[in-house]
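Data first, discussion second: the structure below is written as structure tokens.
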Amino acid sequence: MHRPKTYTLDEAQKRMERYCAYQERCHQEVTKKLYEMRMIPEARDKIIVHLLEHNFLNEERFTKTFVLGKFRIKKWGRKRLELELKRREISAYNIKLAFKEISDAEYLEAFNQLAEKKVAQIKESNLQKKRKKLADYLLYRGWETHLVYDKVNELI
């Protein structure tokens, strides 16, 4: 039977520094990782305070990076972004701040490109089904309903 590895406070702290340096993390991810490492609550708190003080962990920076990355690469809309951030227990203030990083022009440009690219890919002769497929795709990606339905009516 194999025993789970145990860590000293220093080892865990170094490991978490590397974990946070590799990629931006939110508090929830760090807490979960420390929990998986079987650290006691006092040690978890100490390590999190250390990470915050040394700027390894920064919720505002995480939120901005997350929003810009998912928006630019995965083409997620604000609704999906907000949902995913709330799932990670990010404050409404930080979410609002991160959304300011995306201009309305850039947001609409990405939405229009995504919709036009998708409509060209849908191989469906029934217009009703084609409309539904496009709407479902855009809504799943988290784009606002009024944008989606206006665009569907415009394109099909």
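The values are calculated or read from the model by the stated rules, or taken from the named source; none is laboratory data. Nothing here was measured: the structure is a model prediction, and the numbers come from that model. No Cβ is skipped: glycine too gets one built from the backbone with ideal geometry, and neighbour counts run over all protein chains shown.
Just to be sure, is Tyr93 surrounded by 11 or more Cβ atoms within 10 Å (Cβ to Cβ), part of a helix (DSSP H, G or I), aromatic (Phe, Trp, Tyr) and touching a helix residue (DSSP H, G or I) at 6+ places or on another chain (Cβ under 8 Å)? It would help to see each step written out before you state the result.
On the way: surrounded by 11 or more Cβ atoms within 10 Å (Cβ to Cβ): yes; part of a helix (DSSP H, G or I): yes; aromatic (Phe, Trp, Tyr): yes; touching a helix residue (DSSP H, G or I) at 6+ places or on another chain (Cβ under 8 Å): no.
Judged against the criteria, Tyr93 is not a match.
Being in contact with a Gly (Cβ under 6 Å, 6 or more places away or on another chain), part of a helix (DSSP H, G or I), at pLDDT 95 or above and of a type outside the set (S, T, N, Q): is that true of Arg72 here? Reasoning before the result, please.
On the way: in contact with a Gly (Cβ under 6 Å, 6 or more places away or on another chain): no; part of a helix (DSSP H, G or I): yes; at pLDDT 95 or above: yes; of a type outside the set (S, T, N, Q): yes.
In short, no.
Within the set of pairs 6 or more residues apart or between chains, which connect a residue that is assigned to a helix (DSSP H, G or I) inside the stretch 56-68 to a residue that is among the acidic types (Asp, Glu) with Cβ atoms less than 8 Å apart?
Close Cβ pairs satisfying both conditions: Arg61/Glu24; Phe62/Glu24; Lys64/Glu101; Thr65/Glu24; Phe66/Glu24; Phe66/Glu84; Val67/Glu101; Leu68/Glu101.
For Val49, all conditions in the list (1) free of Cβ contacts under 8 Å to residues at least 24 places away in the same chain; (2) outside the structural domain of Met16 (by TED's automatic domain parsing); (3) surrounded by 11 or more Cβ atoms within 10 Å (Cβ to Cβ) hold save one; what is the number of the exception?
The single condition Val49 does not satisfy is (2).
In the stretch 70-81, how many are free of Cβ contacts under 8 Å to residues at least 60 places away in the same chain and surrounded by 14 or more Cβ atoms within 10 Å (Cβ to Cβ)?
Total satisfying the criteria: 2.
Tell me, which residue of the stretch 125-156 that is β-branched (Val, Ile, Thr) and part of a helix (DSSP H, G or I) is surrounded by the fewest Cβ atoms within 10 Å (Cβ to Cβ)?
Kept after step one, since they are β-branched (Val, Ile, Thr), are these residues of the stretch 125-156: 145, 148, 152, 156.
Those still in the list that are part of a helix (DSSP H, G or I) too: 145, 148, 152.
Values: Thr145: 11, Val148: 20, Val152: 18.
Top of the filtered list is Thr145.
Can you tell me how many residues in the stretch 13-45 are touching a residue at least 12 places away in the same chain (Cβ under 8 Å), part of a helix (DSSP H, G or I) and either in the same structural domain as Phe66 (by TED's automatic domain parsing) or farther than 30 Å from Gly69 by Cβ (or both)?
So the count comes out to 1.
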